[in-house]
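To start, the structure itself, in structure tokens.
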Amino acid sequence: MKTIFKLSLVMLFASCLQLGYSQQEGSSPKCGFYGAGLSMGWYNPSLDYWKGDSLFMNAGYNGAIDAKAFTDIRLVKNLSVQVGIGYWQQTLQENIKGFGDTKLIITGYPISVDLNYQLLPLQFSIITPYLGLGGEFLIIQNKLRFEDVDDPDAETGSTFLGHGIVGLDAKLSQQFILGLEFQYRLGKYTQDFKSEEFDPANPDNPIVTIYPEDISLNGPRLGILLRYLF
């Protein structure tokens, strides 16, 4: 997925440059940057391991606030690329024996590239529906906050996700568009866990085993976006 993500990005920008050179005077619209904006939404990742096989299985899983800043690049009249950088955070809380009130804070920093296609034949009034596909490079961080013991260092890693998109754009004026967008994200990240086992031959040094767990990030995102047109 990492290789596909990079190749897609290169091909999209190469296509944009080629289209920009080949279009004739008077053709509309031309390839290039045409808008930027902000999106605020709600994302509910699966987090299946934490829900089903951890000390946080009974914590409240209410989803995460998801924010993104983005810019839009037009390829042709109804086809565009959106490049964005975002932030989301899921907090789980549980009272764990020996540790007290404990918080697990999972934070994501996605860098995304989406390809969106406007369904112009379905346009009505000021509303234009669109479909899209996208991918993101996600930097993800896990932090534990204990009440009764010292906090461990945060753990940071990265992964790649893909998503499908369905949206509606409402053109409020010549400069502003208000949108409603649904995504479904697909992907996972891998985290290493440590277990300790008593060693009768060396009681002061338990046997430490490191084992990985795949944790699903599949889930829906629903957001509202406001775009300013250049």
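The values are calculated or read from the model by the stated rules, or taken from the named source; none is laboratory data. None of the values given here were measured: they were computed from a predicted structure. Backbone-built Cβ (ideal geometry, glycine too); neighbour counts: all protein chains shown. Side chains are part of the model used for accessible areas, which takes the heavy atoms of the whole protein and leaves out ligands, DNA and RNA. Shrake-Rupley method; radii C 1.70, N 1.55, O 1.52, S 1.80 Å.
Which of the residues that make up the range 51-66 are crowded, with 16+ Cβ neighbours inside 10 Å and either touching a His at 6+ places or on another chain (Cβ under 9 Å) or not charged (D, E, K, R) (or both)?
Scanning the range 51-66 gives Ser54, Phe56, Ala59, Tyr61, Gly63, Ala64.
Taking the range 140-159, which residues are open to solvent by less than 60 Å² (accessible area, probe 1.4 Å) and in a strand (DSSP E or B)?
Ile140, Gln141, Asn142, Lys143, Leu144, Gly157, Thr159
The rows are residues; the columns are (1) open to solvent by 20 Å² or more (accessible area, probe 1.4 Å); (2) at pLDDT below 95; (3) out of contact with any strand residue (DSSP E or B) (no Cβ under 9 Å at 6 or more places or on another chain).
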residue	(1), (2), (3)
Ser27	yes, yes, yes
Tyr49	yes, yes, no
Trp88	no, no, no
Asn95	yes, yes, no
Phe124	yes, yes, yes
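Note down all Cβ pairs under 9 Å where the first residue falls in the range 212-230 and is without any contact (Cβ under 8 Å) to a residue 60 or more places away in the chain and open to solvent by 10 Å² or more (accessible area, probe 1.4 Å), the second is among the aromatic types (Phe, Trp, Tyr) and assigned to a strand (DSSP E or B), and they're at least six residues apart or on different chains.
That search, which allows pairs on different chains as well, returns Pro212/Phe193.
Inspect all residues belonging to the range 174-196 and state whether any of them is under 29 Å from the mean Cα position of the chain (by Cα), of a type in the set (S, T, N, Q) and under 30 Å from Ile126 (Cα atoms).
Yes; the residues of the range 174-196 include at least one that is under 29 Å from the mean Cα position of the chain (by Cα), of a type in the set (S, T, N, Q) and under 30 Å from Ile126 (Cα atoms).
Would a scan of the range 194-208 turn up a residue that is under 11 Å from Pro45 (Cβ atoms) and of a type in the set (S, T, N, Q)?
Within the range 194-208, none of the residues are under 11 Å from Pro45 (Cβ atoms) and of a type in the set (S, T, N, Q).
On the given criteria, is Leu172 among the hydrophobic types (A, V, I, L, M, F, W, C) and surrounded by 13 or more Cβ atoms within 10 Å (Cβ to Cβ)?
no
Just name the residue that is nearest to Trp42 (Cα to Cα) out of those in the range 97-109 that are at pLDDT 90 or above and open to solvent by 10 Å² or more (accessible area, probe 1.4 Å).
The extreme case among them is Tyr109.
Only residues that are acidic (Asp, Glu) and farther than 21 Å from Gln82 by Cβ: list them for the range 133-148, please.
Glu147, Asp148
Which residues, counting only those in the range 175-206, are open to solvent by 90 Å² or more (accessible area, probe 1.4 Å), in a strand (DSSP E or B) and at pLDDT below 95?
Asp192, Lys194, Glu196, Glu197, listed by residue number.
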